[in-house]
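Bear in mind these aren't lab numbers, they're just calculated from the coordinates by the rules spelled out. Model, not experiment: these values are computed from the prediction. A quick note on method: Cβ atoms are made from the backbone with ideal geometry, for glycine too, and the neighbour counts reach across all protein chains shown.
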Amino acid sequence: MLALPFLLLFTVFTAWPVISSLYMSFTDIKSRDLRSPFNVSFVGFENYARVFADETFRKSALNTAYFVVVAVPLTLGIALAAALALDKGITRFRTLFRVGYFTPVVTSIVAVAVVWRFLLQPDSGLVNTVLGWVGINGPDWLGSTTWSMPSLIVMASWRNFGTAMIIFLAGLQSVPVMLHEAAAIDGASSWQQFRHITVPLLRPTLLFVSITTGVGYLQFFEEPFVMTQGGPLDSTISISMFTYHQFGFGNYGFAAATSYVLFVIIVALTAVQFRLFRSNT
Amino acid sequence: MTTNTLSTDTLPSKTSRNKRSGSSRWWLYVVLTLGFIAVITPFVWMILGSFKSQGELLRSPPTWLPESPTLNNYRQLFDKASFGRYFANSILVAVAVTAGNLLFCSMVGYALAKMNFRGKKLVFTLVMGTLLIPGMVTFVPLFVLVANLGLVDSYPGLILPFLVGPFGVFLMRQFIIGLPDELLDAARVDGASELRIFRQIILPLCGPGLATLGILTFLGSWNNFLWPLVVAQTQEHYTLPVALALFSTGQNVTNYGLLLAGATVVVVPIVIVFLIFQRRFSEGIATTGIK
C-alpha cells in the first residue's frame, strides 16, 4: 500500500515522540538511564512543580512573553504596511521590493544572528555608526540588560516580516476592487476604506498569520543562542533555551516537562487568538 | 490607483484625491527604498566584511569597501575549519530529506486524495494534528529514541526524523485532489495497479506541487538548527548552521572575518536558489497561508 512507508516513518519519528514526551515528563529519566531504562521511575507532577518553582524558568517565561508580545505586532505591522504599499500604493518595481523584502526569510537565523551581532557592536558596529551620524550615542546593544531583548526583537522582525507580507499580499488580492471603487464614489477616505473594507475581509488572513508568527516566536532559540547566550544576566534566555540547557545537563524528564509547558502555552495562545478574532467580527 | 478609470469631470472631489495620492506615491517610493536598504545592507555588509582583515573589521569608524581585499578568511574557513565538509554534510542531508519528502508525501497524498481505505479519516486527522506541534516539544524523546537505535552522531540520525512531514502531506493532498478523476478511472478500467497509476499518471502531473514542496523542504533542511545541534556530536557530522553557531560562541567568538565568511557560505547559496525560484517560494507560502 502507498501510505505504508510514510505511516511507518511518521509513527516512529513524529507520533511516538509526542506521546512519549508527555510520559517522560512524569518520570525522572536522565541521560545515564539511556542504557538502563528500568531505573526510570514515575514521579507524577514533581517535574512540573519544579518547573514552576524554578527562578530561571520564570525569568525565561517572562522573556518569552516579552519577545512575543512586542515582536508579533511589530512584525505584522511592518508586513501589513509593506503589503498595502506594494498592492495599491506603487506601480513600478513591485517585484524588486517584494523579492528584496522576502530575502531575509530564506536565510539561516544562525547566519543572520552572527552578522547582526557584528552590526550591533558598540564601537565599530554599523548600527551605532549610523546613529552617530544623527548625533545619537548608541548603547552596547547586546551587552545591556535593557537593550539586549529589543535588539533580538528588531532582528527577528527584520528577518521574518517577509513571510507575513507575502501572505497579506495574497489576501489583499482576494479583496474585490469593486468594493473600493464603490466606497470611493461614496466619498470614503483611504483610511475609512482600509478600516471598513480591507481589515474585515483580511481577518482570516490576519488570524492565520498572527497564529503562525506567534507559534514560531514562542520557540525562539537561535537568536539568543548565537547573539547573547541568554545573557546578560539571563535577560534574553528563552523557554526553548532553558529546555535545551536542561537537556544538556542530562535532565531529560525535567526538560520534557518544560517543553510540554511550552506546548500548552502554544495551544492556549492559539485558542485565545481564535476567540479574539471571532468576537471582533 | 484603481479609480483612475472613472471620469474626474463628474466627480470634482476626486481631483484633489488623485493629486494627494500622486504625491503620497512619491513618498511611498522613498520609504520603500529606505526599507529595501535596511533589509539588504546586512547582507552587503556581511559579504564585504568577509574580504576584510581582522584589523580593518575592528576599526572605528568602519570602512565600507575592503581596503586590501583578502581571501584569507575563506582560506582559513575551508583549510583549517573544514567548512567544505560541513557544506557537503548540509547538501547531503538536505537532498536526502527533500527526496524522501517528495516521494513519501506524494504517495500518501495520493492515497488520501484519491483512494478509499479504512482509517483514511483517522490518518488525515492525525497528520494534521501534528502540524502545529513544534520541534521543541519532541526533540528530547526523539533524541532518546535515536540514541536507543544507536543513531546518534550519524547521517541516518540527521535524516530519518525529517524524511516525512505533515506539511508535505497536506500540500500534496491539496494538489492531487485537484487532478481530474477521469484519468484515474480510465487507467483503473484498463487494469493498471495503483502503484502504476501513481508512477505513470499522478507523478508526471504533480510537477508544480512537487517543485514547491521540494524547494520549501530543501530550505527548511538547509537552515535547520536545533536537531542537528543535538544529534551531531562530532565535527564529522556538523551541518553548516551548527558549525557556524558553535564557532561563533566558541574560541572564534571574536574572529569576525572568519565568522562573516562562514555566514556568507551559509547564506549566499540559498539566496541564489531563492532568486532563481522566487515565484515558487511565494506561491508555496501564499497557498499554505490561504488554505
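Between the Cα long axis of helix A:252-279 and the first principal axis of chain A there is an angle of about 30°, rounded to the nearest 10.
Explain nothing, just the number: dipole magnitude of the protein assembly as shown about its Cα centre with +1 on each Lys and Arg Cβ and -1 on each Asp and Glu Cβ, in debye rounded to the nearest 20.
Values: 37 positive and 25 negative charges, 213 e Å.
Here the size comes out at about 1020 debye.
Note on B:ILE276/B:THR41: beta-carbon distance plugged into 1/(1 + (r/R0)^6) with R0 of 22 Å gives a FRET efficiency of 0.45. Taken as Cα centroids, segment B:59-117 and segment B:221-239 sit 11 Å apart, rounded to the nearest whole angstrom. Projecting the Cα positions of A:LEU76, B:PRO62, A:THR14 onto the charge dipole of the protein assembly as shown (unit charges on Cβ atoms of Lys, Arg, Asp and Glu, taken about the Cα centre) puts A:LEU76 furthest along the positive direction. Taking a ≥ b ≥ c as the square roots of the eigenvalues of the Cα gyration tensor, segment B:22-70 is classed as prolate, since a/c reaches at least 1.5 and a/b is larger than b/c.
Simple spin-label estimate for B:ASP79 and B:THR234 gives 2.6 nm between the two label positions (7 Å along the Cα-to-Cβ direction from each Cα). Each Lys and Arg adds +1 at its Cβ and each Asp and Glu adds -1 at its Cβ; summed about the Cα centre, segment B:82-290 shows a dipole of about 240 debye. Specify the angular offset, from 0 to 90 degrees and rounded to the nearest 10, of the alpha carbon long axis of helix A:239-248 from the longest principal axis of the alpha carbons in chain A. That works out to roughly 30 degrees.
Its relative contact order, with pairs defined as Cα atoms under 8 Å and 6+ residues apart, puts chain A at 30 percent. Which Cα, out of B:THR130, B:LEU34, B:VAL44, lies furthest along the positive dipole direction of chain B (beta carbon charges, K/R +1, D/E -1)? Result: B:LEU34. In segment B:82-290, a dipole from Cβ-located charges (positive for Lys and Arg, negative for Asp and Glu) runs towards its positive end, and of B:PHE277, B:LEU179, B:ASN89 it is B:LEU179 whose Cα lies farthest in that direction. With K and R counted +1 and D and E -1, the other residues having a Cβ less than 11 Å from that of B:THR63 yield a net charge of 0. Among B:PHE198, B:PHE87, B:PHE117, whose mean-square fluctuation peaks in a Gaussian network model of chain B (Cα, cutoff 10 Å)? Top of the fluctuation ranking is B:PHE117. Evaluate the charge dipole of segment A:52-279 about its Cα centre and quote only its size in Debye, nearest 20, assuming +1 on the Cβ of each Lys and Arg and -1 on the Cβ of each Asp and Glu. Dipole of segment A:52-279, to the nearest 20 debye: 580 debye.
A straight line joining the Cα centroids of segment A:186-256 and segment A:66-88 runs 13 Å.
Mean residue ellipticity at 222 nm, helices only, chain B: -22500 deg cm²/dmol; runs of at least 4 DSSP H residues each add -39,500 (n - 2.57), and the sum is divided by the number of residues.
The slack between A:GLU55 and A:LEU207, meaning 0.36 nm per residue of separation minus the straight C-alpha distance, is 51.4 nm.
Can you give the relative contact order of segment B:147-291 as a percent, counting alpha carbon pairs under 8 Å and 6+ residues apart?
Numbers: 67 pairs, mean separation 42.8, N = 145.
Computed over segment B:147-291, the figure is 29 percent.
Could you give the DSSP H helices of chain B that reach 27 angstrom or more along their long axis (alpha carbon positions) and whose average Kyte-Doolittle hydropathy is no lower than 0.5? Present the calculation step by step, with values, prior to reporting the outcome.
Details: long enough: B:12-49 (56 Å, 0.41); B:83-114 (45 Å, 1.21); B:256-276 (30 Å, 2.66).
Those that pass (Cα extent of 27 Å or more, hydropathy at least 0.5) are B:83-114, B:256-276.
In terms of its C-alpha gyration tensor, segment B:82-290 comes out prolate, because a/c is 1.5 or above and the ratio a/b outweighs b/c.
For chain B, the relative contact order comes to 28 percent (Cα pairs under 8 Å, sequence separation of at least 6).
With an a/c value of 1.5 or above and a/b not larger than b/c for the gyration tensor axes a ≥ b ≥ c computed over the alpha-carbon atoms, chain A is described as oblate.
If you add up the charges near A:THR236, with Lys and Arg at +1 and Asp and Glu at -1, over every other residue whose beta carbon is less than 13 angstrom from its beta carbon, what do you get? Write down the numbers at each step before the final one.
Numbers: positive: A:LYS59, A:ARG117; negative: A:GLU222, A:GLU223, A:ASP234.
Net of charged neighbours comes to -1.
Computed FRET efficiency, Cβ-Cβ of B:GLN200 and A:ILE136, R0 51 Å: what is it to the nearest 0.05? Working shown, then result.
Working: r = 66 Å, r/R0 = 1.29.
Efficiency for this residue pair is about 0.20.
Database remark: amide H of A:THR27 closer than 5 angstrom to the amide H of A:VAL43 (H placed geometrically; neighbours at sequence offset of 5 or more, or on other chains; Pro and chain starts carry no H). Report, in degrees rounded to the nearest 10, the 0 to 90 angle that the Cα long axis of helix A:199-218 makes with the longest principal axis of chain A. With both axes taken from Cα atoms, the answer is about 30 degrees.
The count of lysine pairs in the protein assembly as shown with alpha-carbon distances below 21 Å, taking only pairs 8 or more places apart or on different chains, stands at 6.
For the pair A:LEU233 and B:ARG118, a Förster radius of 60 Å applied to the C-beta separation gives a FRET efficiency near 0.55, rounded to the nearest 0.05.
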